[in-house]
Amino acid sequence: MVKVFKLVIAGPYGAGKTTFVKTLSEVVPIETDVPAPGKSTTVAFDYGKIRVNDIVVHLFGIPGQERFNFLWRIIARGMHAYIFMVDSSSLESVKSAIFMYNYFTSTFPTTPHVVAANKQDIAKVDINNVRMILGVKPDIKVVPLIAINKKMVLETLVVLLDEVHRLMYGSSFQQGNSHGTGNEKTLM
Ligand SMILES: Nc1nc2c(ncn2[C@@H]2O[C@H](COP(=O)(O)OP(=O)(O)O)[C@@H](O)[C@H]2O)c(=O)[nH]1
Ligand SMILES: [Mg+2]
């Protein structure tokens, strides 16, 4: 039986959410980026899809800017879990995530999540500091990520699905079937 899983990618502007969805998606992702000073910004959401064994994961990247925060709750509605992404290449970027992290953890206190410390290729803030700055609880994982690296993106997804499985069934996935890189596990 195919199971459907709604995964939201949260995090502030520039964290790497659109990149994450693009790297992971097996279908051509829907993007709603418009030009912004020096780069681009997501104005509605990113959408992508990936199948992991018998689970179809629908990915929704939220728009990071606070002026779009009326959309956060709409996009997050019905999600099974979320990845909270930060740009660890500067202290300022990590600090810019505090407001949204507090929003997500207080609005969805029982929804499983992991924090992804993105841009590890150019990281200036280490994982422990990301944890400290955001006030991530000890039982929540903070994982290193390079969103342009497919293997790391898949690993982040597997860590999250593993977390969901642990919370639901009290155990991890079994090691086994692979999706393609040899690092995936049999899920749920
Ligand atoms: N060096 C590096 N750049 C990244 C990484 N992930 C994303 N980027 C870049 O960071 C910028 C913002 O990424 P984007 O996905 O648009 O962020 P969003 O605002 O969260 O959707 C883009 O120029 C990306 O190419 C990464 O892991 N390493
Ligand atoms: Mg974006």
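The values are calculated or read from the model by the stated rules, or taken from the named source; none is laboratory data. What you see is a predicted model, and the numbers here were worked out from it, not measured in a lab. Because the Cβ atoms are built from the backbone with ideal geometry, glycine has one as well, and the counts that use them run over all protein chains shown.
What to note about this one:
- Checked against the criteria, P144 counts as within 26 Å of S25 (Cα to Cα) and modelled with pLDDT of 95 or more.
- Test: residue in the range 113-121 that is surrounded by fewer than 18 Cβ atoms within 10 Å (Cβ to Cβ) and closer than 20 Å to T156 by Cα: yes
- Scanning the range 149-170 for residues that are in contact with a strand residue (DSSP E or B) (Cβ under 9 Å, 6 or more places away or on another chain) and of a type in the set (D, E, K, R) yields E155, D162, E163.
- Residue count for the range 77-89 satisfying the condition of being more than 15 Å from ligand 2 (Cβ to nearest atom) and more than 17 Å from V56 (Cα to Cα): 3.
- Counting the residues of the range 21-68 that are in a loop (DSSP other than H, G, I, E, B), hydroxyl-bearing (S, T, Y) and under 25 Å from K151 (Cβ atoms) gives 1.
This table checks each residue for (1) away from ligand 1 (no atom under 16 Å from the Cβ); (2) touching a residue at least 60 places away in the same chain (Cβ under 8 Å); (3) among the polar types (S, T, N, Q).
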{"residue": "V8", "(1), (2), (3)": "no, yes, no"}
{"residue": "V21", "(1), (2), (3)": "no, no, no"}
{"residue": "S25", "(1), (2), (3)": "no, no, yes"}
{"residue": "P35", "(1), (2), (3)": "no, no, no"}
{"residue": "T41", "(1), (2), (3)": "no, no, yes"}
{"residue": "N53", "(1), (2), (3)": "yes, yes, yes"}
{"residue": "V56", "(1), (2), (3)": "yes, no, no"}
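- For the range 147-188, filtered to residues that are at pLDDT 80 or above and in contact with a Leu (Cβ under 6 Å, 6 or more places away or on another chain), the residue that is farthest from V21 (Cα to Cα) is L161.
- Within the range 35-64, the residues that satisfy the criterion of being surrounded by fewer than 20 Cβ atoms within 10 Å (Cβ to Cβ) and either closer than 17 Å to P12 by Cβ or near ligand 2 (Cβ under 10 Å from one of its atoms) (or both) are A36, P37, G38, K39, S40, T41, V43, A44.
- Within the range 88-102, not a single residue is assigned to a strand (DSSP E or B), within 16 Å of ligand 1 (Cβ to nearest atom), modelled with pLDDT of 90 or more and β-branched (V, I, T).
Yes or no, residue by residue, for (1) of a type in the set (V, I, T); (2) touching a helix residue (DSSP H, G or I) at 6+ places or on another chain (Cβ under 6 Å); (3) away from ligand 2 (no atom under 16 Å from the Cβ):
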residue	(1), (2), (3)
K119	no, no, no
I122	yes, no, yes
R131	no, no, yes
L134	no, yes, yes
P138	no, no, yes
V143	yes, yes, yes
I146	yes, yes, yes
K150	no, yes, yes
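- From the list L24, L71, the one residue that fits, being within 16 Å of ligand 2 (Cβ to nearest atom) and over 15 Å from the mean Cα position of the chain (by Cα), is L71.
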